[in-house]
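Notes follow the structure.
The values are calculated or read from the model by the stated rules, or taken from the named source; none is laboratory data. Since this is a predicted model, take the numbers as computed values, not measurements. Note that each Cβ is placed from the backbone with ideal geometry, even for glycine, and that neighbours are counted across all protein chains shown.
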């Protein structure tokens, strides 16, 4: 049964990823990106990692993409922004970068290390303790400092964003509508 | 009797899950008309009028008449609407509520799937529920709708945070994200007479959860997204016929789902005295959820709507610090109990 669901999620992920790029309206693109995240969540479920699946949906589909949509709607972007590049130039750049990326991906995926290092925990332990506990112990044990530093960096970003938006509001004297 | 339908175990499991899901969805859809009737009766009671009392006994068939009316109305789609998203939004209003119901333990023997991250599934679905309103507001290409959609996304993001933090106490006390484990942990008594429900261990968490629960379902006093006085009903201003009905049903389905979560988290789930647990559990669970529903209805018709700045102040300056402090105190208490602080 797993292969059927894998195919389902794979087709969904690839098709909606393509649609993200091919759609003209930014809102539709964003909705397709949500679908990509949902199908990635499906992959995590198939890999017996329900915690990661739920977090994937909560964080990416539920929080980040909602903010994306919020901003797109607030700015009322109807079409993609004209950045002054001619369409021919854009096309050449696009193809060149695309081929480069495909070549990179091909080379990388040939190596066996492309899947990343194996975790220390055997599958039996993960099944016995539960996925959530194992992740929690690793995150707040071995990786405590990186975790804390990341959260501090995020906090700095939040404070910075507020400072920047406050300063702009003061200089123009216009308050942003909520 | 052969319970596997002659299928390999994997497939018969799938079939059984589908059957359970259908029973659950059918049950909830069957309850929705009763809730709509209850809403109108409560509204009538609060406003000193009889409420619906013409169609059927006690007006019980009124929702049926309403649904028939909605079905036969013309389904209008604005000319400049985004067709796909306009169609998708009402569907999205219904689906998350039903997904949440599949992880709720309704009785000791009846849970569709015991995922070990059931609580996170609930949060995932409630964060997806934002899309229904946001996209509905945008797709109709109406400025009132857009304002309603934007308000709603701001409101739901703000209150989701407080909601997530308000249940951390329960997770700390249980040590599990599975709703089945959380309900099982509430068995027994405190001091011999109080049931061991988490509402008595986590009163602050429970209050914060109830407030955010009202906000997440966009019910009064937090119904700013559809404030009819200023936004002419906000996000569903362009919707008619069955698409409007889907939003209507989605609101009540979400109320049921979130009350089920609240019951499982704080009110002891299926636990209750006197009745045998196998079927008595379901009775207790339904009873507790119904009481929460009535609470929902009375709140809507008694409290005035908050202003937008009051809403944001309550979410970010009151509920967030309160739930954070609650999580901290609970964490210290649990650490002391387990003897980790020495």
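Within segment A:78-86, does at least one residue satisfy the condition of being more than 10 Å from every other protein chain (Cβ to nearest Cβ), in contact with a helix residue (DSSP H, G or I) (Cβ under 9 Å, 6 or more places away or on another chain) and at pLDDT 85 or above?
Among the residues of segment A:78-86, not one is more than 10 Å from every other protein chain (Cβ to nearest Cβ), in contact with a helix residue (DSSP H, G or I) (Cβ under 9 Å, 6 or more places away or on another chain) and at pLDDT 85 or above, which makes the answer no.
When the residues of segment B:98-153 are narrowed to those that are more than 11 Å from chain A (Cβ to nearest Cβ) and closer than 30 Å to residue B:80 by Cβ, which ends up surrounded by the most Cβ atoms within 10 Å (Cβ to Cβ)?
Ranking the candidates gives B:136 first.
If you take the residues of segment A:1-17 that are under 30 Å from residue B:80 (Cβ atoms) and over 14 Å from the mean Cα position of the chain (by Cα), which of them is surrounded by the most Cβ atoms within 10 Å (Cβ to Cβ)? Break it down into steps so the answer makes sense when it comes.
At the first step, the residues of segment A:1-17 found to be under 30 Å from residue B:80 (Cβ atoms) are A:12, A:15-17.
Still in the running and over 14 Å from the mean Cα position of the chain (by Cα): A:12, A:15.
Working: A:12: 16, A:15: 14.
For segment A:1-17, the residue satisfying everything is A:12.
Any residue that is loosely packed, with under 13 Cβ neighbours inside 10 Å, modelled with pLDDT under 85 and within 14 Å of chain A (Cβ to nearest Cβ) - is there at least one of those in segment B:50-61?
no
Of all residues in segment B:270-285 being buried (at least 17 other Cβ atoms within 10 Å of the Cβ) and within 16 Å of residue B:180 (Cα to Cα), which is farthest from the chain's Cα centre (by Cα)? Please lay out each step first, then the result.
The first filter runs over segment B:270-285 and keeps only residues buried (at least 17 other Cβ atoms within 10 Å of the Cβ), leaving B:270-272, B:280-282, B:284-285.
From what's left, within 16 Å of residue B:180 (Cα to Cα): B:270-272, B:281-282, B:284-285.
Numbers: B:270: 17, B:271: 20, B:272: 22, B:281: 20, B:282: 18, B:284: 18, B:285: 15 Å.
Going through the qualifying residues, I end up with B:272.
Of everything in segment A:61-71, what is under 26 Å from residue A:136 (Cα atoms) and surrounded by fewer than 19 Cβ atoms within 10 Å (Cβ to Cβ)? Give them in sequence order. Step through it out loud before you land on a result.
Taking segment A:61-71 first, the residues under 26 Å from residue A:136 (Cα atoms) are A:61-65.
Of everything in segment A:61-71, those that are under 26 Å from residue A:136 (Cα atoms) and surrounded by fewer than 19 Cβ atoms within 10 Å (Cβ to Cβ) turn out to be A:63, A:64.
Does residue A:165 fit the bill of being away from every other protein chain (no Cβ under 14 Å), at pLDDT below 70 and not in a loop (DSSP other than H, G, I, E, B)?
Values: away from every other protein chain (no Cβ under 14 Å): yes; at pLDDT below 70: no; not in a loop (DSSP other than H, G, I, E, B): yes.
Criteria not met by residue A:165.
If the requirement is being over 27 Å from residue B:29 (Cβ atoms) and at pLDDT 80 or above, which of these qualifies: B:182, B:133, B:157, B:104? Write out each step before concluding.
Working: B:182 fails: over 27 Å from residue B:29 (Cβ atoms); B:133 fails: over 27 Å from residue B:29 (Cβ atoms); B:104 fails: over 27 Å from residue B:29 (Cβ atoms).
Within the list B:182, B:133, B:157, B:104, the selection yields B:157.
Results for (1) over 28 Å from residue B:134 (Cβ atoms); (2) assigned to a helix (DSSP H, G or I); (3) touching a helix residue (DSSP H, G or I) at 6+ places or on another chain (Cβ under 6 Å), shown as yes or no for each residue.
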site	(1), (2), (3)
B:249	no, yes, yes
B:255	no, yes, yes
B:309	no, yes, no
B:327	yes, yes, yes
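Does residue B:34 fit the bill of being in a helix (DSSP H, G or I), within 19 Å of residue B:290 (Cα to Cα) and at pLDDT 80 or above?
yes
Taking the residues in segment A:18-44 that are surrounded by fewer than 16 Cβ atoms within 10 Å (Cβ to Cβ) and part of a helix (DSSP H, G or I) as candidates, determine which candidate is nearest to the other protein chains (Cβ to nearest Cβ).
Selected residue: A:22.
Of the residues B:164, B:188, B:175, only one is at pLDDT below 85, surrounded by fewer than 21 Cβ atoms within 10 Å (Cβ to Cβ), within 10 Å of chain A (Cβ to nearest Cβ) and closer than 22 Å to residue B:260 by Cα; which? Give the steps one after another, and end with the answer.
Working: B:164 fails: at pLDDT below 85; B:188 fails: within 10 Å of chain A (Cβ to nearest Cβ).
After applying the criteria, what remains is B:175.
Among the residues in segment B:69-87, are any touching a residue at least 12 places away in the same chain (Cβ under 8 Å), surrounded by 22 or more Cβ atoms within 10 Å (Cβ to Cβ), under 17 Å from residue B:247 (Cα atoms) and touching a helix residue (DSSP H, G or I) at 6+ places or on another chain (Cβ under 7 Å)?
Looking through segment B:69-87, none of the residues is touching a residue at least 12 places away in the same chain (Cβ under 8 Å), surrounded by 22 or more Cβ atoms within 10 Å (Cβ to Cβ), under 17 Å from residue B:247 (Cα atoms) and touching a helix residue (DSSP H, G or I) at 6+ places or on another chain (Cβ under 7 Å).
Tell me which residues, restricted to segment B:88-97, are away from chain A (no Cβ under 12 Å) and buried (at least 19 other Cβ atoms within 10 Å of the Cβ).
In the first step, residues of segment B:88-97 are kept if they are away from chain A (no Cβ under 12 Å); the result is B:90-91, B:93-94, B:97.
Answer for segment B:88-97, where residues must be away from chain A (no Cβ under 12 Å) and buried (at least 19 other Cβ atoms within 10 Å of the Cβ): B:90, B:93, B:94, B:97.
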